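Beneath this line is the structure, given in structure tokens, with notes to follow.
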Amino acid sequence: MRRVVIIVSTVTVLIFAALFYQYRQQQQDVAQLHQYQTVLYEKTEQLYEEAQDWQNAIQLTTQDSRLQGDYRVMADFLLSYLKDNAEARNVYLRELKSIAWDQFLQVKRLDQDKKQNYSQTQSMLVNARSLAVQYQSQNEQRYAQGLAEAEHLNIQTRLKQTLVESLKSQQDQDMYAVFELEQQILVKAEALFDILKAHQWQAKDGQFFFYQDQPLKDFNRLYQEVIELNGKIEKIKQGHKAALEAKL
């Protein structure tokens, strides 16, 4: 009888020990989840701030000693992916700067280029379109590679599913929305240039003066649409920044 009591007591102790261990594991998991969220919020805010200085490389450190185990692996992977996307975006902006894309509609430049049959402007358009195609293609490749790598991470299945869903949601994020608006601006820029090529105009007081009313109306309409698209881009950027600040 004594032996039975000892066995029952031992089993009871083991059961409570197992339950206590599970409870401790759950508590630790919850604590790590909260820490994971905190790290992501802080790091994405830092990434956003650094990315604004698009002329310089991003220096963000993706690893964080506050995280352990699967959460550390997952955070490092996701932040590295976001950092690569942001840096690719900034490289794209630097390349546009190198072809003087920000001066495309500059009156003085176009007035000078008109004397050369718009050779510089034609080249700028070709290069801008080529850079956009290259940037989009690289984004798609990076996304596909990121998904494939996420599927093979050595972490818990439920965390891996969360990570994959996070990557998929990135396809609809602000960066891609801004890029789509920029491509619309590129189309408008081509249309504006077509008007300049097809009609007589002169530069006066830093403005385009057309000899006829209709091309002037068409030019002003397209130019206003470009301004509106730029306004949408700025609104997205401000909304993104406000969303990050609200999470912190």
Exercise. Within segment 84-111, can you find the residues that are open to solvent by less than 50 Å² (accessible area, probe 1.4 Å), part of a helix (DSSP H, G or I) and among the small types (Gly, Ala, Ser)?
Worked result: ALA86, ALA88
Problem set entry | Enumeration of residues in segment 51-83 that are hydrophobic (A, V, I, L, M, F, W, C) and part of a helix (DSSP H, G or I) | ALA51, VAL73, MET74, ALA75, PHE77, LEU78, LEU79, LEU82
Exercise. In this structure, is ALA150 open to solvent by less than 40 Å² (accessible area, probe 1.4 Å), out of contact with any His (no Cβ under 6 Å at 6 or more places or on another chain) and not hydroxyl-bearing (Ser, Thr, Tyr)?
Worked result: yes
For this session: For segment 141-148, state whether one or more residues are closer than 30 Å to ALA31 by Cβ and either touching a strand residue (DSSP E or B) at 6+ places or on another chain (Cβ under 6 Å) or not polar (S, T, N, Q) (or both).
Result: yes
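The values are calculated or read from the model by the stated rules, or taken from the named source; none is laboratory data. The shown structure was predicted, so the numbers you read here are calculated from the model rather than taken from an experiment. Don't worry about glycine lacking a Cβ; one is built from the backbone with ideal geometry, like all the others, and counts go over all protein chains shown. The accessibility values were calculated without ligands, DNA or RNA, using every heavy atom of the protein model including side chains. Shrake-Rupley method; radii C 1.70, N 1.55, O 1.52, S 1.80 Å.
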